[in-house]
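Shown next, in C-alpha cells, is the structure this report addresses.
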Amino acid sequence: MTSGLAISVAAVASRVVSGPRALRRATNGATSNHTPANRWTATSTRLSAVTDPDQADQVSETVFASGTDAKVAAFCVEQMVDEAAMLAASTFPISPDDLIARTKAILANKNGVENPALLASDFKFVAPVVGPLPKDDFLQAFDGFKLEEGFPDANAGYYAFRIDPFEPNRVWFDTRFRGTNTGPLSGGSLAATGKKVEAPPQACSMLFNERGECTQLTAGYVMDKQVGNTGGLGGVFGIFYAIGYGLPFPEAQPWQKSVQYDLFQRFSGATQELQKFVKGLTGGN
C-alpha cells in the first residue's frame, strides 16, 4: 500500500452514509458504548489530521475498495491521538499560534543571541551530545562560531512548526541547513574551504514558561542519517565535519560500530542460524 496514507473526512463520512456493511465490518461485532455511526464519526475526525487534499479521493477509494477500511479505521481510533482535542483541553495560557510566533522570533534573533530577554533566566540548551548548557554558556558558545560569517548564503530551512499535544508549551520544528563555506569561522581561526554543506533533516524544539520566555532549546537531533554530507551528524558538529573541520573526538565524527555491538550482532546471527538448524533436525518442533 502507498506510504503516507491520505484519507479525507468527506470520503470517510460518505462511507458512513452509503456503506452499512463497512460499518458492521469496522465494529467487527465487538460490544462498545459507541454506535457504529458514532465510531465512524470519531474515526473520520481522527483521520482528518492525516488528510492530503490532493490525493484524498483517490487513496480513500483504494483503501475502501481493498477491504482494509475496518483495519485502518480501528488502527486510527486505537493508536492515533486526537491532537485537536488534547490541545483544546490544554490549560496553558499562551495560544499555539502565539507560541509558534515566539519561536520564530527567537530564531530570527539568532536563538536569542541578539535579544537574550527572549530566553528565561533558567534557560538551557540540550543537544544529543552537548548540554544541558545554561543560558550564558549557550549564548557565548553559539555566538562564538560566527556561522553567518562562514556561510554568507546559509539557509537554515526551517519548516513544520507544530505544538506538541502532550506538552502544549512545546513547539516542535524541523530544519535542513544548506550553505557554502566561503568565509572564515570561529573568529577567523578557520579559513574558508569553499565546500557546500547539506545537512540531514533535524528535529528541534522550544519549551516556554507562562510568561512566554523560552526555557529550553533542543536541536541537532538527526531524523535520517543517510541524508546530506555531514556524516549523519547534526548541529554544528555536522557542519564542521562536512567542510573538513571535524572536531577531534568520537562524538563529533560519523558513527562507527563498536566492537561490542559487532560481536553482539555476529553472535545473534549465529544463534538464529543454530536455532533454525536445530528446528530442521527436529522437524520444526
Among the residues of the range 70-99, count how many are in contact with a Lys or Arg (Cβ under 7 Å, 6 or more places away or on another chain) and either under 20 Å from Gly235 (Cβ atoms) or in a helix (DSSP H, G or I) (or both).
3
Among the residues listed as Ala160, Ala154, Ala120, the single one being of a type in the set (Gly, Ala, Ser), over 20 Å from the mean Cα position of the chain (by Cα) and either surrounded by fewer than 14 Cβ atoms within 10 Å (Cβ to Cβ) or farther than 25 Å from Gly183 by Cα (or both)
Ala120
Within the range 85-99, tally of residues that are closer than 18 Å to Phe173 by Cβ and open to solvent by 80 Å² or more (accessible area, probe 1.4 Å)
1
Just checking, which of Gln226, Gln256 is without any contact (Cβ under 8 Å) to a residue 12 or more places away in the chain, open to solvent by 80 Å² or more (accessible area, probe 1.4 Å), of a type in the set (S, T, N, Q) and over 30 Å from Leu118 (Cα atoms)?
Gln256
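Give Phe92, Phe75 a once-over and let me know the one that is in contact with a Pro (Cβ under 9 Å, 6 or more places away or on another chain) and either over 16 Å from Thr215 (Cβ atoms) or not small (Gly, Ala, Ser) (or both). Please lay out each step first, then the result.
On the way: Phe75 fails: in contact with a Pro (Cβ under 9 Å, 6 or more places away or on another chain).
After ruling out the rest, the residue left standing is Phe92.
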Checked against (1) out of contact with any strand residue (DSSP E or B) (no Cβ under 7 Å at 6 or more places or on another chain); (2) assigned to a strand (DSSP E or B), Phe237 satisfies every condition except (2)
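For the range 180-200, which residues satisfy the criterion of being open to solvent by less than 10 Å² (accessible area, probe 1.4 Å) and not polar (S, T, N, Q)? Steps first, answer last, please.
Narrowing the range 180-200 to residues open to solvent by less than 10 Å² (accessible area, probe 1.4 Å): 181, 183, 185, 197, 199-200.
Gly183, Leu185, Val197, Ala199, Pro200 - these are the residues of the range 180-200 that are open to solvent by less than 10 Å² (accessible area, probe 1.4 Å) and not polar (S, T, N, Q).
The values are calculated or read from the model by the stated rules, or taken from the named source; none is laboratory data. Note that the coordinates shown come from a computational prediction; the quantities given were computed from them, not determined experimentally. When we count neighbours, we look across all protein chains shown, and the Cβ atoms used for this are built from the backbone with ideal geometry, even at glycine. The accessibility values were calculated without ligands, DNA or RNA, using every heavy atom of the protein model including side chains. Shrake-Rupley method; radii C 1.70, N 1.55, O 1.52, S 1.80 Å.
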